[in-house]
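This report refers to the structure that appears directly beneath it.
The values are calculated or read from the model by the stated rules, or taken from the named source; none is laboratory data. Quantities reported herein were computed from a predicted structural model and do not represent experimental measurements. As a convention, Cβ positions derive from the backbone with ideal geometry for all residues, glycine included, and neighbour counts pool all protein chains shown. Heads up: the accessible areas ignore ligands, DNA and RNA and are worked out on the full protein's heavy atoms, side chains in. Shrake-Rupley method; radii C 1.70, N 1.55, O 1.52, S 1.80 Å.
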Amino acid sequence: MSSDKKSSPQQVPLIDFATRLKRSIEAQGVLPIAYFMAAANAHYYGTRDPLGAEGDFITAPEISQMFGELCGLWLADLWDRAGRPATVHYVELGPGRGTLAVDALRAMARAGLEPQIHFIETSPTLRKAQGAMLPDAHWHDDLSTLPNDGPLLVVANEFFDALPVRQLVHSQHGWFERMVTVRHGLILPVVDGPPLNGLIPDHLKDAPIGSIIETSPASVAIAGALGERLAAQGGAALIVDYGYDHGPAIGDTLQAVRGHGYVNPFDTPGDADLTAHVDFATLGVAAHVRGVHVHGPVGQGDWLNAMGIELRADSLIKRSPARQAEIEAARQRLTSPMAMGTLFRAMAMVAPSWPTPVGFAENDENQPENS
Ligand code: SAH
C-alpha cells in the first residue's frame, strides 16, 4: 500500500443502526434494558414518522379530531375558571405529527384562548412535521427550557409509554437487572450486574422466581418536573396513555410494534416502536410530592364521555352527513371498553390554586396517604 493511500481520508462504511448498537453492546458485554430501549427509540422516532395507516401504529388524535378538540376544551375550561390569565403556554410532550395540537388549539381559540405553543420533542423528523402544521411553535429537548412567566396547559398523549423502563428480575440468587447481550449476532435479554434486592418494595420481594418489576426513572423525573412547574406557575396537565393504575406491578410489558403488529422487541432495534405500560400511580405520586393535585386515572372512554364526545360527534355528523359512519366508528373506537376506552387511562395534574377539572369524579383525587 502506498503512503499516499494511507494519508487519504478514510472511507467510513455506512453501518446501519442495529449493527452499531450490537457493536456497542458487544464492547460493554451487557447493557441495561433501559439503555437499549432509549437508544432504539431515539433512532426509531428520529428517522421516521411512525404514525398512521402507512406507518407502524395509530393514536387517538389520528383517529379523530374529536380527541384533540376535547383536550383543548378541557384546558380552556380550566383556564376560564382560573380567571383567564393573559400569558399562558400550551405545552405538548411528544406531539407526533402535531395533529392533537392543531385540533386542541382550534377548540381553544373558539373559547377565546390563544396560548403560546411549546413542543417537547427530540425527533428531528417529527419536529419538521410539527413545524409544517404549526410554524409558530417553540421546540424544547426537555422541560428545563420552558418559559416560567405564566401557567402551563400541558398535554401528553402516548408520550410516557415511549420512555425507557428499567427491568429487575427475581432470580434464584436475588433480584438483578435485566440487560441485553449479543450472542451469535442476535440481541438477547440476560440477567446480570450486582444484586439489587434493596430496590424492591417489601411486598414484592418474595415474588415468584422469574418475576419482572419495571420502573421508569425517566418518566418519574418528568412527572416530578411537571408537578414542580405547575405548582409554581399554575396550570394543568392531561396525561393519556396505555397503562395501569396501581403500580409498581409485576410483569414484563416491554413490547415492540411494527407495521401495526407485534414483533420481538430485540429483533429489529430502531425499526420498531418500543413501549412499556405506564405506571400512573408512581407518576401521580412523583407529581403530587412537588405540590400539585392529581386526579384519576380514569378510563379514556369515561373521560371523553364526560367531556361530551357524543354531542361533538352529533354536531360533526350534522355538518357532514356523508361522514356519519366514519365519525360514529371513531367515537366507538376511542370510548368503547372493547377498544381504547378502558385500557387507555387519563390522569390530570392541576395546580393547587386552579379549579377542579371536568371528567374526573370529585372524590377521585389520588392523594397518597400520609401527605
Ligand atoms: N402524541 C402523539 C405521538 C405519540 S408517539 C400522538 O398521540 O399521536 C411518541 C412521541 O413522543 C413522538 O412525537 C416521539 O418523537 C416523542 N418522543 C419519544 N421519546 C421522547 C423523548 N425522550 N423526549 C421527547 N419526545 C419523545
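Glu114 falls short of the stated requirement of being among the charged types (D, E, K, R), within 10 Å of the ligand (Cβ to nearest atom) and closer than 21 Å to Arg229 by Cα. Checked against (1) of a type outside the set (Val, Ile, Thr); (2) surrounded by fewer than 15 Cβ atoms within 10 Å (Cβ to Cβ); (3) part of a loop (DSSP other than H, G, I, E, B), Lys318 meets all criteria but (3).
A search for C-beta distances below 6 Å between a residue of segment 105-116 that is in a helix (DSSP H, G or I) and any residue that is surrounded by 15 or more Cβ atoms within 10 Å (Cβ to Cβ) and of a type outside the set (Lys, Arg), counting only pairs 6+ apart in sequence or on different chains, returns Ala107/Glu69; Ala107/Gly72; Ala107/Leu73; Met108/Gly72; Met108/Ala76.
Considering the conditions (1) more than 9 Å from the ligand (Cβ to nearest atom); (2) crowded, with 20+ Cβ neighbours inside 10 Å, Ala60 is excluded by exactly one of them, (1).
Could we say that Gly150 is at pLDDT 95 or above and either touching a helix residue (DSSP H, G or I) at 6+ places or on another chain (Cβ under 7 Å) or of a type in the set (D, E, K, R) (or both) here? For Gly150, the condition - at pLDDT 95 or above and either touching a helix residue (DSSP H, G or I) at 6+ places or on another chain (Cβ under 7 Å) or of a type in the set (D, E, K, R) (or both) - is met.
With respect to (1) in contact with a helix residue (DSSP H, G or I) (Cβ under 9 Å, 6 or more places away or on another chain); (2) under 25 Å from Gly131 (Cβ atoms); (3) not acidic (Asp, Glu), the lone exception for Phe57 is condition (1). The set of residues in segment 130-159 being near the ligand (Cβ under 9 Å from one of its atoms) and either assigned to a helix (DSSP H, G or I) or open to solvent by 70 Å² or more (accessible area, probe 1.4 Å) (or both) consists of Gln130, Asp141, Asp142. Restricting attention to segment 326-346, the residues being outside any loop (DSSP other than H, G, I, E, B) and either over 14 Å from Phe67 (Cα atoms) or of a type in the set (Val, Ile, Thr) (or both) number 3.
Among the numbered conditions (1) away from the ligand (no atom under 11 Å from the Cβ); (2) in contact (Cβ under 8 Å) with a residue 40 or more places away in the chain; (3) open to solvent by less than 30 Å² (accessible area, probe 1.4 Å), the only one that Arg166 does not meet is (3).
I'd like to check something: does segment 28-41 contain any residue that is of a type outside the set (A, V, I, L, M, F, W, C), without any contact (Cβ under 8 Å) to a residue 60 or more places away in the chain and either more than 14 Å from the ligand (Cβ to nearest atom) or crowded, with 21+ Cβ neighbours inside 10 Å (or both)?
Yes, segment 28-41 has at least one match.
Among the residues making up segment 76-104, those that are more than 15 Å from the ligand (Cβ to nearest atom) and in a helix (DSSP H, G or I) are Ala76, Asp77, Leu78, Trp79, Asp80, Arg81.
Scanning segment 169-185 for residues that are among the hydrophobic types (A, V, I, L, M, F, W, C) and either within 16 Å of the ligand (Cβ to nearest atom) or touching a residue at least 40 places away in the same chain (Cβ under 8 Å) (or both) turns up Val169, Met179, Val180, Val182. Having 3 or more residues that are touching a helix residue (DSSP H, G or I) at 6+ places or on another chain (Cβ under 8 Å) is the bar; report the strands (runs of 3 or more DSSP E) wholly within segment 231-279 that clear it. Output list reads 235-244, 273-275. Residue selection: Gln255 satisfies the criterion of being without any contact (Cβ under 8 Å) to a residue 24 or more places away in the chain and touching a Leu at 6+ places or on another chain (Cβ under 8 Å).
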